[in-house]
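Everything on this sheet refers to the single structure shown next.
The values are calculated or read from the model by the stated rules, or taken from the named source; none is laboratory data. Note that this is a predicted model, so its numbers are computed, not measured. With ideal geometry, Cβ positions are generated from the backbone for all residues, glycine too; neighbour counts draw on all protein chains shown. Quick note on the areas: whole protein, heavy atoms, side chains included, nothing else; ligands and nucleic acids left out. Shrake-Rupley method; radii C 1.70, N 1.55, O 1.52, S 1.80 Å.
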Amino acid sequence: MAYRKTPAEISRLDAARERLIACATEVVADVGWAQASVAAVADAAGIAAGSVYQHFSSKAELAVEVFRRAAGREVEVLGEVLAGEGDPVERLGRGVEVFARRALENRGLAYALLAAPAEPAVGAERLEFRRRYRALFAEVVREGVAAGQLPPQNAEITAAALTGAVGEVLVDPLGHPGEAAPQAAASQAPPQALLADLVAAALRCAGAPTD
């Protein structure tokens, strides 16, 4: 008869896996994908490197899970804001602000999700999540057009432009893992000013009326 894990063993393994993912996320936020070796993650989790392979077959598999968890949370939050209270233009501006603010509050992880060099498996996930961001932006743009608050336009193209622009604007302020934010960028655009400028640019991109 094949051995079956007991509920207690399954619970223990699940808890260990979750802790490993949490530790790996912290390591990636601190040093980026390239330096987040299996040994570094194992050390952060207080286990032997070989124990990591009880849960993940490779560093790439672990990295993909870290990316999916962290990026998935950002998609979830953005989706909640864009589908929340207010008219489409208000929700669009609020969504961009919340996304950017969350990134600036966790610069290391945000840089890893948006721009840090990563192995192909993570790069593929990054592209997939950009499609998810685009879909969310496209929906609120379509609502704005239907409500007469935004001019007629291809919502998919506008959403793609918004997704790319927001990420590009944030790259330099986020800096690189373990480094301070670039001084020039920090002095020219304090966080609140940067957020205001980014929201204004996003609304202009969608054709929202300006005062």
Inset, instruction - Could you tell me which of rounded, prolate or oblate describes the range 66-206, using a ≥ b ≥ c as the square roots of the eigenvalues of the alpha-carbon gyration tensor, with rounded for a/c under 1.5 and, failing that, prolate when a/b is larger than b/c and oblate otherwise? - result: oblate
Legend entry - Relative contact order of the range 66-206, defined on C-alpha pairs under 8 angstrom at six or more residues apart (%): 32
Inset, instruction - Give me the net charge of LEU78's neighbourhood, meaning all other residues with Cβ under 14 Å from the Cβ of LEU78; Lys, Arg count +1, Asp, Glu -1. - result: +4
Legend entry - Longest segment of the chain lacking trypsin sites (Lys or Arg not before Pro) that sit in a DSSP loop with at most 16 other Cβ atoms within 10 Å: 6-211
Legend entry - Candidates ALA24, ALA121, ALA112: whichever shows maximal mean-square fluctuation once the chain is modelled as a Gaussian network with Cα springs under 10 Å: ALA121
Inset, instruction - Express the carbon and sulfur contribution to the solvent-accessible surface of the range 66-206 as a percent, rounded to the nearest whole number, probe 1.4 angstrom. - result: 55
Inset, instruction - Take every Cα pair under 8 Å in the range 1-113 that's 6+ residues apart, average their separations, divide by the length, and report that relative contact order as a whole percent. - result: 29
Legend entry - Kyte-Doolittle mean at least -1.0 and Cα axial length at least 24 Å: DSSP H helices in the chain: 7-35, 59-82, 88-105, 120-146, 155-174
Inset, instruction - Roll a 1.4 Å probe over the protein chains and send me the accessible area per residue for the chain in Å². - result: 53
